[in-house]
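Shown next, in C-alpha cells, is the structure this report addresses.
The values are calculated or read from the model by the stated rules, or taken from the named source; none is laboratory data. Predicted, not measured: the structure shown is a model, and the values here were computed from it. Every residue, glycine as well, gets a Cβ built from its backbone with ideal geometry; the counts of neighbours run over all protein chains shown.
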Amino acid sequence: MIKIFIKSIKNGFRFKMIGLIIYTVQLLLALTLGIQIYQVMDASIGNSAGLSNLLEQFNYTTFNDFLNVHGASISPIFGQLRYLLLVYAVFSIFLNAGSLGCIILNENSWSSFWSNAARYFFAFSKIALFFLIIFFFISALIWIPILSSFEAAMEYFYTEKPYVWILILAFPLYFLLLSFIFLWSVHSRISIIREDLNVIFGLKNGLFKTKKYFWKSLLVLFMFALVMFFGTFIYLWANKTVGMVSGWTILIFILLQQAIIYLRILWRFMIYKSIDNISEGNHEN
Amino acid sequence: MRLALNILFLTVGILFQIESFAQCDPYFKNPHSIRNANYEINLQLDHEKKKILATEQLIWINTSPDTLNEMRFYMYLNSFKNMESTFMKSANNIFGQDITKRTSDTWGWIDITKLIDSNGSSLEYRYIQPSDDNTEDQSILSVALKEELLPNDTLILNMNFEAKMPKTIARMGYAKDDFFMFVHWFPQACPYVTKADGTWAWNSHQAHRRTEFFADFGNYDVKITTDKKFILGASGCLVSQIENSDNTITSHYHGEDLIDFAWTAYPSYEVMEDQWKHVYIRLLIPGEHCTHGQRLIQAVKNSLEYFEKHVGEYPYTYLTMVDPPMKGLRSGFMEYPTFITGGSFYAWPSNIRSIESLMIHEFSHQYFMGMVASNEKEEAWLDEGFVTFYEDCIMEEYYGKDQSLFNICGYAANNSSFTRNEYTSLDNLSLDIINQPGWKSKGDTKPIVYAKTATMLQTLKRLAGEEAFDKMMKNYFNRWKFKHPKSQDFYAVANEYLTDLLESKYGMDLNSFLDQSLNTTRYCDFKVGQLRHIPIKSKHGWFGNQDKIKYQEGKKTGHFLSKVRIEQLGTFEIPVEIEFYLDNGNVIKEIWNGKGRSKDFVFEGPSKVKSVHIDPEQKIFIDVDLNNNSYFSNPIDLSIKKYSAKAIYWFQNALQTVGFLF
Ligand SMILES: [Zn+2]
C-alpha cells in the first residue's frame with residue numbers, strides 16, 4: 001500500500017505541465033474576482049487608518065464597518081463567484097477528462113491533454129450528472145433528517161448529548177459515502193478510458209471495481225487526506241505564528257498559497273494514479 | 001446494612017442542610033426599600049398535572065397620596081391561555097417556536113379561586129384591559145375593595161389560586177422529564193406610582209411580547225411543597241426544608257427587598273456551590289453541562305467584583321444561577337431578583353464565550369432592574385441598555401480587550417464592538433428611537449434599546465473618562481437603588497457629575513447628547529472629506545507704481561496650502577477632536593464643535609498634511625462608520641494586498657473543490 005502511495009506521488013509529479021494548465025485556468029478565474037476585491041477595498045477604505053488595524057490581526061470593527069457601508073460593492077463579487085463556480089463545474093469536467101486521460105494513458109503532453117479532454121468530455125459529463133444526483137441524494141438522506149429532527153430529538157432524548165454525538169458520527173458516515181461515490185466515479189472514468197467502454201458499462205465496471213478494491217482504495221484516500229490535512233495544518237500554523245503582516249511576509253505567503261494550490265492539483269493527479277494502480281496495478285510501472 | 005446506609009445518608013443530609021443553610025442569610029438588619037408589597041405564599045406543585053395550588057397573602061401599603069378603592073394584579077400567566085391574549089397577538093413566533101400549533105395540555109393559565117380582605121369579606125374581581133381594547137386578554141385583574149384604602153394604609157388580602165404551567169414558552173413553563181420554571185406564576189400587585197407628569201396612577205400594562213416587568217419592592221416568604229425527587233432553586237434564600245409524610249418536601253424560601261420571585265424545579269439538576277465574599281452562589285446545572293459550570297460561576301464572580309468596584313455593593317448574601325437543560329432552554333436567558341437563568345449546550349467550546357457573556361448580562365440585571373428598578377415596560381433602555389453596557393465592560397475586563405466574546409482561528413471580537421455592530425449594521429439606523437415603550441417600536445428592539453444605548457454609554461464613558469463616569473454611576477446607583485427611577489432621574493445625576501466636565505473638555509452639551517441619542521433617530525458619521533494640497537507661489541505680476549513699478553515672476557516657495565474638509569454625514573451634533581499630522585512630524589490638534597454638515601480646516605506652511613484623524617481615540621464610539629474617520633494621503637496598501645491575496649487563495653480553493661467533485 002505504501003508502495004502504491006509513494007509511486008503515485010512520484011507519478012503525480014510527472015504530470016506537472018498538465019497541472020500547470022489547470023492551475024493557470026483557475027488562477028485567471030480567481031484573479032478576475034481578486035482584482036475586484038482589491039479595487040473595492042482600495043476605493044472604499046484605501047486611505048483609512050483602519051487598514052493598518054487589519055494588517056497585524058483581524059479587526060472586527062474595521063471589517064464590519066467596511067461590510068456595513070460597502071457591502072453593496074462586495075456582495076456582487078460573491079454573486080459572481082456563484083456563477084463562476086457553476087461554469088467552472090462544467091469546465092472542470094473538460095479539464096478532468098484531459099488530465100485523467102493523460103494520466104491513465106500515460107501521455108504527458110499539452111496536445112494529448114486537449115485531445116483527451118475533447119474525447120471524453122461528453123461521456124464524463126453524463127457521469128458527472130449521474131454522480132451529482134447521487135451526491136445530492138446522499139447529502140439529503142443524511143443531513144435533512146438529522147438537521148430537521150433537533151426539536152424532536154430534544155423531546156425524545158433526556159439531554160442533547162445523544163444528538164450531538166449523532167451529529168458528530170454523521171460526518172464520518174457522510175465522508176465514507178462520499179468516498180464511495182468518488183471512487184466509483186473515478187473507477188468508472190478510468191474504465192471508460194482504459195477499456196473504451198460506454199457510460200453504462202463504464203459505471204457498471206466502475207461499481208464492480210469500487211466494491212472489489214474499496215477498503216484498499218479508501219486507505220490510500222485516507223493517506224492522501226492526511227497529507228492534505230498536514231499541509232493545511234502547516235499553512236494555518238504559519239499563518240498564526242508568522243502571518244501576513246509585512247511586505248515580505250505577504251509576498252512569501254502569496255508564493256506559499258500558490259504553491260499549495262498547484263500542489264493540490266498534482267495531489268488530485270496522485271489520487272487518480274493511486275486508484276488506477278490499485279485496480280490495474282500491472283498495466284504499467 | 002440498609003438501615004446503616006439510611007442513617008448514613010440522613011446524617012450526611014442533615015450536615016449538608018446545616019452547611020447550606022449557613023451559607024446565606026436572607027434577613028437584612030434594616031430595610032433597603034420601602035417594602036410596600038409583601039407576599040406570603042404557600043404552594044403545592046402537582047408535577048403530573050403541571051399545576052400549582054396555592055394560598056397567598058399580600059400585605060400592600062398605599063404609598064400614594066390618593067385614596068384607593070381598587071387593587072390591581074398582574075396575571076401574566078394568562079398570556080398563555082389562548083391565542084387571543086394581547087401577548088400572543090403581538091407575536092405568533094416566540095424564539096422560533098410556532099405557538100399556533102399548541103395542543104390542549106400545553107397552554108397555561110392562572111385563576112383565583114378565593115379572595116377575601118382582612119375582615120373576611122369576599123371581594124369581587126374582573127379582568128381589565130388598560131392597554132388595549134382586547135377583552136379576551138386576562139393579564140390584568142382589578143379587585144374592587146370593600147373599604148377605601150387611605151394614603152399610608154395597609155391592605156391585607158388573602159387568596160387561593162391555581163396556576164397551570166404552559167409548555168416552555170417565553171421564559172417559563174414545563175418541559176419533559178419534569179423540568180419546571182416558574183415566573184409570573186402568582187397574582188402580583190401592580191404598582192401605584194407617579195406618572196411622568198407627577199400624578200399618581202396604576203402602572204398596569206397588559207402582558208406584551210416586547211415588555212417584561214415592573215413591580216413594587218417587598219419581602220417574599222414562600223413555602224414550596226414538591227415531590228421529594230425535585231432539586232429546587234428560587235429567588236431569596238433557603239431557610240428550611242421539611243420532609244413530609246407523603247413523600248413530599250416543603251422548602252421555605254425567604255427574600256427581602258425584592259421586586260419579584262421566581263423558582264425552578266427539576267430532578268436532574270446538579271448543584272454547584274461557591275462563595276464570593278458575603279455572597280453564597282448556587283448554580284443549578286444539568287449534568288451534561290457540568291463541564292462548563294465553573295466558567296459560569298467564574299463569570300458571575302467576575303461580575304460581582306466589577307460591580308463592587310465600579311458601581312456599588314451587591315447587598316444580598318445569595319444568588320441562584322440556573323443553566324436550564326436543553327429541553328427547557330426557552331426558559332433561559334432571563335433575570336429575576338437574586339435568580340438568573342442562562343443557557344448553554346453540551347460541549348460548548350471554550351473560545352466562544354457567549355455563555356459567560358449572557359450570564360453576566362443577566363447578573364447585571366440584579367443592579368439595573370433588581371435594585372435600580374426602573375420601569376422596563378416604559379423605559380427599557382434604563383435596564384437593558386445599562387446591562388448590555390456593563391456586560392461588555394465586564395467581559396472585556398476579564399476575558400481580553402480584543403477577543404472577549406470569541407476568537408475562532410484569529411477571527412475575534414470583543415463585546416463592545418459586537419454590540420456596536422448590532423446597531424451600526426441596521427439597514428435603517430433611524431427606524432426607532434431608544435426611549436419608547438416596547439410596544440411602540442417598529443423594528444427589533446435589541447439593536448436600538450440594548451445595543452445603541454450601550455454604545456451611547458460607552459461613548460459617554462470614553463468622553464468623560466472612566467473615573468468620572470464611574471463616579472456618576474456610583475451616585476446614580478446609590479441614589480436610586482431600591483427605588484424606581486425614570487429617565488429624567490438619570491439625566492439629573494449625569495448632569496450633576498458630567499455636564500461641567502464635558503463642557504470644559506470639549507465644549508459639549510451633555511443634555512443635547514443624551515437627547516439626540518435617546519429621543520431622536522439621528523445618527524453620527526464623521527468623515528474626512530477632501531484633502532487638497534495647493535503649492536503656494538510668490539507674488540506674480542507687476543507691483544509698485546511709475547518708476548518703481550517692477551515685474552515679479554511667481555516662483556514656488558516650497559510652502560503649501562493644505563485644505564481639509566471634515567464632514568458629518570448624519571445629523572448628530574457633537575464636538576469632535578481632530579488630529580492633523582504634517583510631513584515634518586508635527587501634529588496639530590483641533591476641536592470642531594460639530595455644528596453643520598462640514599467644516600474646512602486650512603493649514604499653510606512648508607509641510608503638507610500627511611494624514612487626518614477624526615476622534616483618534618475612538619471616543620465617539622456611536623459613530624456608525626469609523627473607517628472614514630481617518631485619511632492618509634499616501635496610504636500603504638499592504639492590508640488590501642493581504643486580503644486580496646487571501647481572497648484569491650480561497651477562490652482558488654473553491655474552484656479546486658468543485659474540480660474535485662466532477
Ligand atoms: Zn436583559
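Things to note:
- Annotation note: of B:Lys483, B:Lys461, B:Lys440, B:Lys474, the sole residue that is closer than 22 Å to B:Thr520 by Cβ, of a type outside the set (A, V, I, L, M, F, W, C) and at pLDDT 95 or above is B:Lys461.
- Residue match in the stretch B:256-266 (condition: outside any loop (DSSP other than H, G, I, E, B), more than 14 Å from chain A (Cβ to nearest Cβ) and of a type in the set (Val, Ile, Thr)): yes
- Tally, over the stretch B:595-617, of residues that are crowded, with 18+ Cβ neighbours inside 10 Å and at positive phi: 1
- Count of residues meeting criterion [more than 7 Å from every other protein chain (Cβ to nearest Cβ) and touching a residue at least 12 places away in the same chain (Cβ under 8 Å)] in the stretch A:33-42: 2
- Cβ separations smaller than 7 Å between residues 6+ apart or across chains give the following pairs from the stretch B:360-372 residues that are more than 14 Å from chain A (Cβ to nearest Cβ) and aliphatic (A, V, I, L, M) to residues that are within 10 Å of the ligand (Cβ to nearest atom) and in a loop (DSSP other than H, G, I, E, B): B:Met369/B:Glu376.
- The single condition among (1) at pLDDT 95 or above; (2) within 20 Å of the chain's Cα centre (by Cα) that A:Asn68 does not satisfy is (2).
- B:Glu305 in contact with a Cys (Cβ under 7 Å, 6 or more places away or on another chain) and away from the ligand (no atom under 16 Å from the Cβ): no
- Per-region count, the stretch B:191-206, residues in contact with a Pro (Cβ under 9 Å, 6 or more places away or on another chain) and closer than 24 Å to B:Phe87 by Cα: 5
- Set B:Ile355, B:Ile340: member being within 18 Å of the chain's Cα centre (by Cα) and more than 14 Å from the ligand (Cβ to nearest atom): B:Ile355
- When B:Pro349 is tested against (1) touching a residue at least 40 places away in the same chain (Cβ under 8 Å); (2) out of contact with any Gly (no Cβ under 7 Å at 6 or more places or on another chain), just one condition goes unmet, and that condition is (1).
- Here is the figure for the stretch B:358-395: residues that are under 11 Å from the mean Cα position of the chain (by Cα) and basic (Lys, Arg) total 0.
- Condition met for A:Thr61 (assigned to a helix (DSSP H, G or I), buried (at least 16 other Cβ atoms within 10 Å of the Cβ) and over 16 Å from the mean Cα position of the chain (by Cα)): yes
- Taking every residue in the stretch B:325-345 that is within 13 Å of chain A (Cβ to nearest Cβ) and of a type in the set (A, V, I, L, M) and pairing it with any residue that is more than 16 Å from the ligand (Cβ to nearest atom) and in a loop (DSSP other than H, G, I, E, B), at least 6 positions away or on another chain, the pairs with Cβ-Cβ distances below 6 Å are B:Met326/A:Glu160.
- Assessment of the stretch B:361-370 against the conditions (away from the ligand (no atom under 13 Å from the Cβ) and farther than 19 Å from B:Tyr220 by Cβ) yields no matching residue.
- Unique residue being assigned to a loop (DSSP other than H, G, I, E, B), without any contact (Cβ under 8 Å) to a residue 60 or more places away in the chain, more than 30 Å from B:Lys228 (Cβ to Cβ) and not polar (S, T, N, Q) when the list is B:Asp132, B:Asp197: B:Asp197
- Criterion (more than 16 Å from the ligand (Cβ to nearest atom) and buried (at least 21 other Cβ atoms within 10 Å of the Cβ)) met by exactly one of B:Pro315, B:Pro325: B:Pro325
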